[in-house]
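Please read the structure below before turning to the comments.
Just so it is clear, none of the values below were taken in a lab; they were calculated from the coordinates. Note that the structure is a prediction, hence the values are computed from the model and not measured. Cβ placement follows ideal geometry from the backbone for every residue including glycine, while neighbour counts extend to all protein chains displayed.
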């Protein structure tokens, strides 16, 4: 019994010592390692699994095999036309040759700071050698977009002519400067000039992308000014157009009203004239039958109408009073 | 009481056999405990043997070799994950709350016509290949953020501000999704971006935004002005129509009256004429006297002057109401 215990203890102690000496190490997926013996690289492993090394004297240095992100601070860089912009670049990189990497840089921190230098210098060179719009834009798409007119959607009441007219007023200088290279090409240029250097220290650069471009603060203010004045101009165009249309409608109104009234008046006069003519016809048809009696009749009926309104002082001279002085009417 | 009794007595006798049993039991428990693992329904399990990828296992209770010979990593492959840019969701729920903090370093962008715009967006993605997700790229989420930002920035930078705010939105979303997927696939990240949604696209806050809003107001003003014109038109023209109609109708009334009067007069004349022709002498005289009667007969106050009163001076006051005064003057004139 005691023998068994002794054997077990011995096995356990030997096992522990063996493991502590570390002839084995596990390399995880996504890792790679170089094995260093007295400062000299004796082995490198790129595949995951259980690996062997010489106990005690071998030292395992692990590096990630995964793609790494590099993220620099935004840099304030002048473009070719000397406008200062903030450019923020990120990159993807990978340790592809762990032995070379260990030999030239050793630590990941050193790797990052080396990339800082490499990428920043190529970033500066590319931005300073190109104009602003080349970095901002990627293609000439902006000049090709067929803009569905924003007015049409807003103002339903406008006819086609109105839409055209207002479009002319609000159109912002839509033709932008031609892009010859574009952002992606600049990024590619940045990448190719940086990637030329990185294999020297066992690193492969996968891409460098411009994450963000911003104006510098003083430039931002003047851009705001421009944007505001542009909007004001458009707003003014809409308002003035509205006022113009209103005036036009009021003019139309006046025109139409006068047409209506005057044509009504014309018709009224025609009707009156026709009636007058007809009345004259009727009168003359009747009166022509006996003009002499007409004169008498017209006279007495007119007297009948008008005389009561006069103040009257009569003399007995009238025929009426013929019988006033003598019975036979003198 | 003897001193022996102070140490607690084990319930069984501690002998070598017992120790071995205990060790074996402990080993068995250890083996069992480290041999099973649970993979949730939303996940897939990736099993590594000595650090090397060995297999992928489905949800449920799974077996692995004990004592870290095999290790498992669970990856949520069924869950759609969200990522917000330019804002953060503070608390999702019935009332989703967004953090008040802005992230201008994410959302402020230059447009192709060199204007500035503030774009907020979200992406949704799902891990499709758990092994790639785990082992190909470090800082997976930061990588997704970086690429998403750079793609949206570039797409916005390629368009005019008015298009970004308006019509090109959907294109940016679709192209953005495609290009993000393309780039991330090139790293072998093992995800699929299912959706890119632009949330809030506005000009920079403050006076620029006010100016943009003023344009909308101006469009409203335009509509209002036109409507005002139309309103006045609608107010006046029907009225003018009515007035025209009235003028015509009045003329018709006049015409009817004129013709009717003429016909009446003519008819009366005809009839009188017939009578007159039958007996011209007396009819004429009768008509004359009837006229005088009707003209003078009704009113008082007419004055009658003899035809032989040659030196009658008609001094009459032309004003009716000054009759007394006129008499006075008359008298004064007489006394002289």
task: Treating each Cα of segment A:1-105 as an identical point scatterer and ignoring solvent, apply the Debye formula and state log10 I(q)/I(0) at q = 0.19 Å⁻¹.
output: -0.96
message: Suppose we keep just the alpha-carbon trace of chain A; what are its Rg and Dmax in angstrom?
response: 54.5, 196
query: What are the principal axis extents of the Cα atoms in the protein assembly as shown, in Å, biggest first?
result: 195, 79, 59
task: Please determine, in degrees from 0 to 90 and to the nearest 10, the orientation of helix A:160-170 with respect to the longest principal axis defined by the Cα atoms of chain A, where the helix direction is its Cα long axis.
output: 50 degrees
Förster radius 51 Å - calculated FRET efficiency between residue B:199 and residue B:35 (Cβ-Cβ, nearest 0.05): 0.60
field: Candidates A:96, A:79, A:313, ranked by Gaussian network fluctuation over chain A, Cα under 10 Å, top entry
entry: A:313
message: With an 8 Å Cα cut-off and a minimum separation of 6 or more residues, compute the relative contact order for chain A in percent.
response: 15 percent
- prompt: Going by how many other beta carbons lie within 10 Å of each one, how would you line up A:108, B:109, fewest first?
  reply: A:108, B:109
- prompt: How far is it, in nm, from the label point at residue B:241 to the one at residue A:73 when both lie 7 Å from their Cα along the line to the Cβ?
  reply: 7.6 nm
field: Volume of the Cα convex hull of segment B:47-90, divided per residue and given in Å³
entry: 135 Å³
- line: On each of the three principal axes the extent of the alpha-carbon atoms of segment A:185-228, given in whole Å and largest first, is 50, 18, 13
- request: Please work out the Kirkwood hydrodynamic radius for segment B:171-263, using every pair of different C-alpha atoms, and report it in angstroms with one decimal place.
  value: 20.6 Å
statement: Per GNM of chain A with C-alpha springs under 10 angstrom, the most fluctuating residue out of A:228, A:209, A:14 is A:14
query: With all pairs of different alpha carbon atoms counted, what Kirkwood hydrodynamic radius in Å does segment B:15-79 show?
result: 13.1 Å
- prompt: By what distance, in whole Å, do the Cα atoms of segment B:26-136 stretch along each of the three principal axes, largest value first?
  reply: 68, 33, 21
task: Arrange the following residues from fewest to most other Cβ atoms within 10 Å of their Cβ: A:122, A:104.
output: A:104, A:122
task: Using only Cα atoms, tell me the angle between helix A:183-195 and the longest principal axis of chain A; keep it within 0 to 90° and round to the nearest 10.
output: 10 degrees
- line: Helix A:217-287 sits off the longest principal axis of the Cα atoms of chain A, rounded to the nearest 10 on a 0 to 90 degree scale, by 20 degrees
- prompt: Order of A:114, A:231, A:76 from fewest to most other C-beta atoms within 10 Å?
  reply: A:76, A:114, A:231
query: With chain A treated as a Gaussian network of Cα nodes joined by springs under 10 Å, which of A:64, A:23, A:308 yields the largest mean-square fluctuation?
result: A:308
message: Give me the inter-chain shielding for B:114-121: mean count of other chain Cβ atoms within 10 Å, whole number please.
response: 3
task: Assign one of three labels to segment A:245-330, namely rounded, prolate or oblate, based on the Cα gyration tensor with a ≥ b ≥ c the square roots of its eigenvalues; rounded applies when a/c is under 1.5, prolate when it is not and a/b is larger than b/c, and oblate otherwise.
output: oblate
- prompt: Is it possible to state the helix-based mean residue ellipticity at 222 nm for the protein assembly as shown, with each DSSP H run of 4+ residues giving -39500 (n - 2.57), the sum divided by total residues, to the nearest 500 deg cm²/dmol? What is it?
  reply: -17500 deg cm²/dmol
